[in-house]
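The values are calculated or read from the model by the stated rules, or taken from the named source; none is laboratory data. On a predicted model such as this, the values are computed, not experimentally measured, just so you know. Note that each Cβ is placed from the backbone with ideal geometry, even for glycine, and that neighbours are counted across all protein chains shown.
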Amino acid sequence: MHISIIGVPIDLGANRRGVDMGPSAMRYAGLHRALAGLGHTVSDLGDVVVPGPEASDPGDPRARYLRQIVDVCRELRERVAAAARAGSFPLVLGGDHSLSVGTVSGVRRVYPNTGVIWLDAHGDFNTPETTPSGNVHGMPLAAVLGLGAADLVACMEGRPVQPEQAVLVGVRDLDPGERELLRRTGVRVFTMQEVDRHGLPAVMEEALGFLRRHVEHIHLSLDLDVFEPDLAPGVGTPKSGGLTYREGHLAMEMIAEQGMLVSMELVEVNPILDKANRTARLAVDMARSALGARVM
């Protein structure tokens, strides 16, 4: 396939600096070469321009830097939609997870019946009413489902993802408000307890089987904090008890086998907190598996 890499050096949605350097770290880790080595043609479309927090007004403390994040998501939406419309596979590099509203809205403009599989230690299902921090990177999954700050939700252009079109895998840290909201909306959540109890293959088969019944295409949102912190030290919000290296590869391989993947994003890589670019290299490894790498 043809892959279009789009960088989004944004850290406005997080409370720790550094994820704005994530796109550069993944490029430095050999992403372009790794994907081209699989036989794909790869174009790097550069980065979306993102304002720095130093020159920005944070605004409402319940949704800090919301206006600037919405502007970035709108620009990303246009770039993702243009790439998808041209028959390319958008691969978005973050940056904090708030960018996902732009990625999902862009791909759904071209492929309306696209669901999301969200691999993350956290729910990302807060709203300005439930958030304990005001950090927008904890709100994007709610926003793509049409919940939360009106300006962020409006980025979905009236095409919000429906609850049956989303699955959340690897969760092990939820705020009380988002836990209740997830229950109320009925989004299918596969926690690490379920992974431990049933095994990653069974969980992924159930998650993907659920999506197959409701969508034609899949967008993969991979937050590197879904992994055990020893594997991915360079993330802003690490949480013990995450996926292992092999579990990550198997999850990617099982997604690839569906033949439904139309876009992907790799987010929350923070080189300041990393060790020898380990987390960025892990992200590249996962991208390879999701995009066709096999032992045989």
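Quick notes on this one:
- Out of Ser263, Ser289, sole residue that is more than 20 Å from Leu200 (Cβ to Cβ) and either of a type in the set (Ser, Thr, Tyr) or free of Cβ contacts under 8 Å to residues at least 12 places away in the same chain (or both): Ser263
- Candidate set: the stretch 85-116, residues that are of a type in the set (A, V, I, L, M), out of contact with any Pro (no Cβ under 6 Å at 6 or more places or on another chain) and buried (at least 20 other Cβ atoms within 10 Å of the Cβ); chosen: the one farthest from Val50 (Cα to Cα): Val116
- Residue count for the stretch 118-154 satisfying the condition of being buried (at least 24 other Cβ atoms within 10 Å of the Cβ) and closer than 21 Å to Val80 by Cα: 11.
- Members of the stretch 56-110 found to be within 15 Å of Asp11 (Cβ to Cβ) and in a loop (DSSP other than H, G, I, E, B), listed by number: Ser56, Pro58, Arg64, Tyr65, Gly95, Asp96
- Contact annotation: residue pairs with Cβ atoms under 8 Å, 6 or more positions apart or on different chains, pairing a residue in the stretch 1-25 that is surrounded by fewer than 20 Cβ atoms within 10 Å (Cβ to Cβ) with a partner that is part of a strand (DSSP E or B) and at pLDDT 95 or above, are Met1/Thr41; Met1/Phe89; His2/Thr41; His2/Val42; His2/Ser43; His2/Phe89; Ser24/Gly7.
- For the stretch 250-280, a residue qualifies if it is part of a helix (DSSP H, G or I) and either more than 17 Å from the chain's Cα centre (by Cα) or surrounded by fewer than 20 Cβ atoms within 10 Å (Cβ to Cβ) (or both), and the qualifying residues are Leu250, Glu253, Met254, Ala256, Glu257, Pro271, Ile272, Leu273, Arg278.
- Any hit, the stretch 161-182, residues being more than 17 Å from the chain's Cα centre (by Cα), modelled with pLDDT of 95 or more, more than 29 Å from Tyr65 (Cα to Cα) and surrounded by fewer than 18 Cβ atoms within 10 Å (Cβ to Cβ): yes
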